[in-house]
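The values are calculated or read from the model by the stated rules, or taken from the named source; none is laboratory data. Model, not experiment: these values are computed from the prediction. Using ideal geometry, Cβ is built from the backbone for each residue, glycine included, and neighbour counts are taken over all protein chains shown. Surface areas here come from the heavy atoms of the whole protein model, side chains and all, with no ligands, DNA or RNA. Shrake-Rupley method; radii C 1.70, N 1.55, O 1.52, S 1.80 Å.
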Amino acid sequence: GTSSAQRQVTVQPGPMIRTEGSHITIWCNVTGYKEGVEQDFEWSMYLYTAPDREIRIVSTSQHNYAYALYAQRVNSKEIYIERLSGDSVLLHITKLQATDQGMYECYTPNTDSRYLGSYSARTNLTVIPDTLTVMAAAQTLSKVEGDTLQLSCEVSRQTSQHTHVSVGWYLRPADDPNSGPRDLVTLSRDFVLRPGGQYRQRLSSGDLRLDKTSATSYRLTIYKLQPTDQGEFYCEASEWIQDPDRSWYAMTRKESEKTSIKVQPTDRDFSIQVTTERRAYTAGEPLELRCTIDAQNVPERFFSVSWVFSSSPVAVIGPSAVPLLGPNYIEREATGLLTVRKESPSIHLLKLQRLLPEDSGKYICRVTEREKTLTGDFIDRSKRSRNVQITVTPLRSNITASLSSNTSEIMEGETIQLTCVVSNTVGPLSVTWQWTDKEGAGPAVNVATVDREGTVTPGPTFRERSSFGEVRMERVRPDTFTLFLYNAFPTDEGQYRCSATEWSQSGTAPDWIWQQIGDESASKTITVKSV
């Protein structure tokens, strides 16, 4: 048999709760009509205080449909109908008033040959006061690139209904004010932090934060400000309510006063310079080289410093200030003859104790800055200082030796006392005491020797007498050596010679090489009379 459709009008379910001054849309659809015919819609409302009195608002077919209460608002387009399709529309009220509260009816005139089904549907609208407040101090701040920025925003509401609040911070950039505000970070109505697209990396790295510090306070923190952060910052809050269809609706949205931020960019360039007291040294002296980094905001930047000697690495100091030594300098550092340290964020020291002739050559300081880009990648920029030519001259000895005695003539059994003074020394000394006959024609006999470390060794001929304590040699001062012969024999008569040798050190620990750089001697004749 035959069948026919039944007309049905549906409207957005209520009750809907909206705030004064907000923009509301209410949808209305119709189905079950003869196809091909565009449907008309008529909107009316009924006050809760007069539920039987219709107040016409707006129609798609009748220009003068509105009653006087709504006519002016309809004519000014404050209230209008948006057609979505032939059988679906939206009622717009762009600025709700408290008197707009009531029952709303959507009516569709019949377009078929007979009446069958429903031709209207109703929904409830409640209008409540807008109590949302958003406050932030209006101010102008000047910052330097790399500084930290903190701004606070107070958000409160007095709504009796169950609502949620979302809070976001926005930046209107100074360099492109026509591009619209940038979304920095938002705390959603579900308490989820959502960064803007350009700021996702900075939020994940901790350089961007949004903290709820109290029931009404929201604090924005940006670490390591960048020149692109310059502009007007403001806080925006929305109050949300859940409609009967379980969808969330932003009843009201407000912005705070704006804070103008100026970010002075730092000069990312840097220069380096190596300084030293002088360029010429003598072996054994200390050398100090300082590498100075001249740049803005050095403590907040990541520099590593490399010391290089004649193309060989000496040491590298990273941002952590822990030195990494080259293979040829590990032993010298372990024995305290090399120091590498960071004296301040911009000054690095290289110190060599007891220079060697092999330390002559070119010294340079190479500085590398590692910078993190907005995308999270790293770029390195390196510079090197000019060559610093250091000359180390081997030690030249100018020592002198003088020998004195308590007396030049003694009796058998008395004590021979000799004192040798060595002057103008620069390096370690060794001293050897020798004896020959009065004429000096016979072979020289070693009496005793003191080496560079101060160890005394008696000569073979005098070893037995030394064991009885009759021969004693002492170093009483760094430059003074004494020899005692107790119970002198007539055979002890002769020439006594003090021979001093000066040494220098080269090579590296533990394989030091000692080189003789000079020697000097002095002699004295002693007469011993028999009893």
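Numbers at a glance
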read-out	value
Residue satisfying condition, being at negative phi, open to solvent by 40 Å² or more (accessible area, probe 1.4 Å), modelled with pLDDT under 95 and touching an Asp or Glu at 6+ places or on another chain (Cβ under 7 Å), within set 120, 113	120
Selection count where residues are surrounded by 14 or more Cβ atoms within 10 Å (Cβ to Cβ) and part of a strand (DSSP E or B), scope region 84-110	12
Filter result (surrounded by 13 or more Cβ atoms within 10 Å (Cβ to Cβ) and either assigned to a loop (DSSP other than H, G, I, E, B) or small (Gly, Ala, Ser) (or both)) within region 55-83	59, 60, 65, 66, 67, 71, 78
Residue within region 127-135 that is loosely packed, with under 15 Cβ neighbours inside 10 Å, touching a residue at least 12 places away in the same chain (Cβ under 8 Å) and under 30 Å from residue 215 (Cβ atoms) present	yes
Among residues of region 198-231, those that are in contact with a Gly (Cβ under 9 Å, 6 or more places away or on another chain) and open to solvent by 60 Å² or more (accessible area, probe 1.4 Å), counted	4
Subset of region 117-157 [more than 30 Å from residue 103 (Cβ to Cβ) and of a type in the set (Asp, Glu)]	145, 147, 154
Subset of region 145-197 that is under 14 Å from residue 233 (Cα atoms) and of a type in the set (Phe, Trp, Tyr) - its residue that is surrounded by the most Cβ atoms within 10 Å (Cβ to Cβ)	169
First in region 180-197 and among the aromatic types (Phe, Trp, Tyr), second anywhere and modelled with pLDDT of 90 or more and open to solvent by less than 50 Å² (accessible area, probe 1.4 Å), Cβ under 9 Å, 6 or more apart	191/164
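Yes/no per residue for (1) at pLDDT 90 or above; (2) in contact with a Phe, Trp or Tyr (Cβ under 6 Å, 6 or more places away or on another chain); (3) open to solvent by 60 Å² or more (accessible area, probe 1.4 Å):
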| site | (1), (2), (3) |
| --- | --- |
| 450 | yes, no, no |
| 471 | yes, yes, no |
| 492 | yes, no, no |
| 497 | yes, no, yes |
| 517 | no, no, no |
| 520 | yes, no, yes |
